[in-house]
Amino acid sequence: MVASIADPNPLVSGQGFARLRAAGIEVEVGPGAAESRELNIGFFSRMIRKTPWVRMKMAASLDGTTALPTGQSQWITSPEARADGHAWRARSCAVLTGIGTVLADNPRLDVRAVATPRQPQIVVVDSHLQTPLDAHLFIADRACIIYAAGQNDAKKAALEARGATVVMLPDSSGKVDLAAMMQDLGRREINELHIEAGSKLNGSLTRAGLVDEFLIYLAPKLLGPGQGMAAFGPLQALSEALELQFHSTDSIGPDLRIIARVAGRDQF
Ligand SMILES: NC(=O)c1ccc[n+]([C@@H]2O[C@H](COP(=O)([O-])OP(=O)(O)OC[C@H]3O[C@@H](n4cnc5c(N)ncnc54)[C@H](OP(=O)(O)O)[C@@H]3O)[C@@H](O)[C@H]2O)c1
């Protein structure tokens, strides 16, 4: 019997192989291991690190602008790139956004452009429970988790009545503890987490070292100043740069798709 890789789940890992071998069946483990791990990288991440594989998606102009100073960002990239983005949403267990994006765009953040057997859960980082009760992200039969930091019992109850799970996770500065949120999402069996937020939350997550890879769509246009991809820095020296490695680069319609991983983050 040939298996590409052992199951990383400590509850079962290696036991099946041991039984087969005990029954006299020859077992070879290994061919295609790298490909299998890539296909299931979220599951491997949760089993081994106890946190999801975190992918941050951004759509930008060639000069790195993700929204105009007016807040307008729909749409910077092509319909083909947006459909491709939906395929990445579809393979994730949850899509995470920030309250800034909810208030600016009122997005649904569901999978529409490709077929899917289920909608990923939605996660909102919303320290002060500002999510409107009529926000489009409330979709029937889709689980919604809101991470908050400040008490507001009436709004919490109203959001829960809307079907949301509200989790209080304050850090010492009164914002959501983002690292603790990743641990909590791991406990909730989120394997792959797909982030589509604005530059503030993107910056906070990046600075906190919580992002594994960036999924970046670049449109062949210049937009000049506006919001960048992730508000972190300014750095004092080039040596402080967050080092990435290109994992893949592809053309999607008229746009470019770059997957760049934080160096070493997939070594677990
Ligand atoms: N082109 C793209 O790919 C793309 C994608 C999504 C959004 N956008 C654009 O981005 C704009 C919105 O950006 P934004 O930066 O205002 O919104 P955002 O990043 O989605 O959300 C910002 C909020 O996240 C919370 N946050 C940030 N750091 C935090 C931390 N360390 N701990 C806890 N909470 C934290 C803060 O909420 P609290 O104040 O509650 O703490 C902050 O106000 C919109 O114009 C939208 O169109 C562009």
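Odds and ends about this structure:
- Any hit, the range 165-186, residues being touching a Gly at 6+ places or on another chain (Cβ under 6 Å) and in the same structural domain as VAL111 (by TED's automatic domain parsing): no
- Which listed residue, of ARG37, ARG89, ARG82, is closer than 27 Å to ALA180 by Cα, charged (D, E, K, R), in contact with a strand residue (DSSP E or B) (Cβ under 9 Å, 6 or more places away or on another chain) and assigned to a helix (DSSP H, G or I): ARG89
- Within the range 30-42, residues that are under 25 Å from ARG187 (Cα atoms) reach partners that are buried (at least 16 other Cβ atoms within 10 Å of the Cβ) and of a type in the set (Phe, Trp, Tyr) with beta carbons closer than 7 Å, at six or more positions or on different chains, in the pairs ARG37/PHE44; ILE41/TRP53; GLY42/TRP53.
- Scope the range 123-137; condition surrounded by fewer than 24 Cβ atoms within 10 Å (Cβ to Cβ) and more than 6 Å from the ligand (Cβ to nearest atom); matching residues: LEU129, GLN130, THR131, PRO132, LEU133, ASP134, ALA135, HIS136, LEU137
- Of the strands (runs of 3 or more DSSP E) lying entirely inside the range 195-268, not one is found with 2 or more residues being at pLDDT below 95, surrounded by fewer than 11 Cβ atoms within 10 Å (Cβ to Cβ) and touching a Gly at 6+ places or on another chain (Cβ under 7 Å).
Yes/no matrix, rows are residues, columns are (1) within 30 Å of THR101 (Cα to Cα); (2) part of a helix (DSSP H, G or I); (3) touching a Lys or Arg at 6+ places or on another chain (Cβ under 7 Å):
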position	(1), (2), (3)
ALA6	no, no, no
VAL12	no, no, no
PHE43	yes, yes, no
MET47	no, yes, no
THR65	yes, no, no
GLN74	yes, no, no
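- Of GLY224, GLY186, GLY203, all but one fail to be within 11 Å of the ligand (Cβ to nearest atom) and not charged (D, E, K, R); the exception is GLY203.
- Whichever residue in the range 53-88 is within 13 Å of the chain's Cα centre (by Cα) and near the ligand (Cβ under 8 Å from one of its atoms) and, among such residues, is surrounded by the fewest Cβ atoms within 10 Å (Cβ to Cβ): LYS57
- Whichever residue in the range 16-34 is outside any loop (DSSP other than H, G, I, E, B) and surrounded by 12 or more Cβ atoms within 10 Å (Cβ to Cβ) and, among such residues, is farthest from the chain's Cα centre (by Cα): ARG21
- Taking the conditions (1) within 13 Å of the ligand (Cβ to nearest atom); (2) out of contact with any strand residue (DSSP E or B) (no Cβ under 6 Å at 6 or more places or on another chain); (3) modelled with pLDDT of 95 or more in turn, GLY174 satisfies each one other than (3).
The values are calculated or read from the model by the stated rules, or taken from the named source; none is laboratory data. The structure displayed is predicted, hence computed values, not measured ones. Glycine gets a Cβ as well: all are built from the backbone with ideal geometry, and neighbour counts include every protein chain shown.
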